[in-house]
Each structure stands twice: as structure tokens, then as C-alpha cells.
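The values are calculated or read from the model by the stated rules, or taken from the named source; none is laboratory data. No experiment lies behind these values; they were computed from the predicted model shown. In this analysis, Cβ positions are derived from the backbone assuming ideal geometry, glycine residues included, and neighbour counts consider all displayed protein chains.
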Amino acid sequence: MHETSIVNSIMKTLEMEFEEEKLDKMSAIYLKVGKLSNIEPRLLHNAYTAKNYCGTRFHAVKLHIESTDIKIKCETCNHITEVENYRFLCEKCERPSKNLIQGEEMLIHKVEFDD
């Protein structure tokens with residue numbers, strides 16, 4: 001389950017970016033996970049819960065995961081299309097496109113802190 005290593009990477013990233021006192025006030029982490037990222041949000045959430053059991057630094061920090069849609073930008077007409085049913089066709093000119101602009105990401109989108 002590679003979700004466990006992803007959770008470890010998220011924690012390390014947060015620990016590198018924020019000071020100890022700030023980490024102690026963290027209340028929520030918001031992630032954006034693309035549908036093509038090969039990350040299952042439910043499994044990621046389960047791995048996060050298992051890693052951050054009661055008594056650990058992040059045990060009270062809520063994890064929110066937003067699944068992002070697949071979007072392409074047509075090389076011919078520059079139109080942005082939301083891909084449905086994995087059909088990578090421009091909805092305007094109906095040409096195939098491999099110019100993926102959204103859908104593979106796994107981002108720490110936002111972090112909230114208690115004041």
C-alpha cells in the first residue's frame with residue numbers, strides 16, 4: 001500500500017515547512033488528488049488515520065481530500081475540456097489531445113491552524 005509512504009511524505013513536508021509551535025496548532029490538512037494520480041482517496045485517508053493514532057503529533061488534525069477531475073487543453077484550438085469516461089477528445093473541435101493540465105496531481109492545497 002503506497003498510501004502509507006505518501007502519508008509519511010506529507011508529514012515530512014509539513015514538518016520541514018512549519019515550525020514546531022505552528023505544527024502543534026495545526027487543525028486540518030487539505031489535499032487535492034487527481035483521478036489519474038494512482039492514489040485512492042479512501043486508502044489514503046485510512047493510512048493517515050492508522051499513522052496518526054491517539055497520542056501522535058497529528059492525531060487531532062483532520063484530513064480532507066478533494067478528488068480533481070481530468071482536464072486537457074487542445075493543441076489545435078486551445079479549448080480546455082473536462083475529460084469524461086477517459087475520452088481525451090476536445091469537446092469543441094473533437095480532436096484527440098494528450099495535453100493533460102489537471103488530473104495527475106497530489107497537492108497539499110491548504111493547511112489550517114487554530115489561533
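General observations
- Within region 97-107, the set of residues being surrounded by 14 or more Cβ atoms within 10 Å (Cβ to Cβ), hydrophobic (A, V, I, L, M, F, W, C) and within 11 Å of the chain's Cα centre (by Cα) comprises just one member, Met106.
A quick yes/no check of all residues on (1) at pLDDT 90 or above; (2) under 25 Å from Leu100 (Cα atoms); (3) aromatic (Phe, Trp, Tyr); (4) outside any loop (DSSP other than H, G, I, E, B):
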{"site": "Thr4", "(1), (2), (3), (4)": "no, no, no, yes"}
{"site": "Asn8", "(1), (2), (3), (4)": "yes, no, no, yes"}
{"site": "Met16", "(1), (2), (3), (4)": "yes, no, no, yes"}
{"site": "Leu31", "(1), (2), (3), (4)": "yes, yes, no, yes"}
{"site": "Asn46", "(1), (2), (3), (4)": "yes, no, no, yes"}
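- Residue list for region 69-109, filter: among the small types (Gly, Ala, Ser) and either part of a strand (DSSP E or B) or within 30 Å of Ile10 (Cβ to Cβ) (or both): Gly103
- Residues that are among the polar types (S, T, N, Q) and more than 20 Å from Glu40 (Cα to Cα), drawn from region 73-115: Thr76, Asn78, Thr81, Ser97, Asn99
- Candidates Glu75, Glu82, Glu94, filtered to the one that is in contact with an Asp or Glu (Cβ under 6 Å, 6 or more places away or on another chain), of a type in the set (D, E, K, R) and loosely packed, with under 14 Cβ neighbours inside 10 Å: Glu82
- Flag if Ser67 is in contact with a Cys (Cβ under 7 Å, 6 or more places away or on another chain) and of a type outside the set (Phe, Trp, Tyr): no
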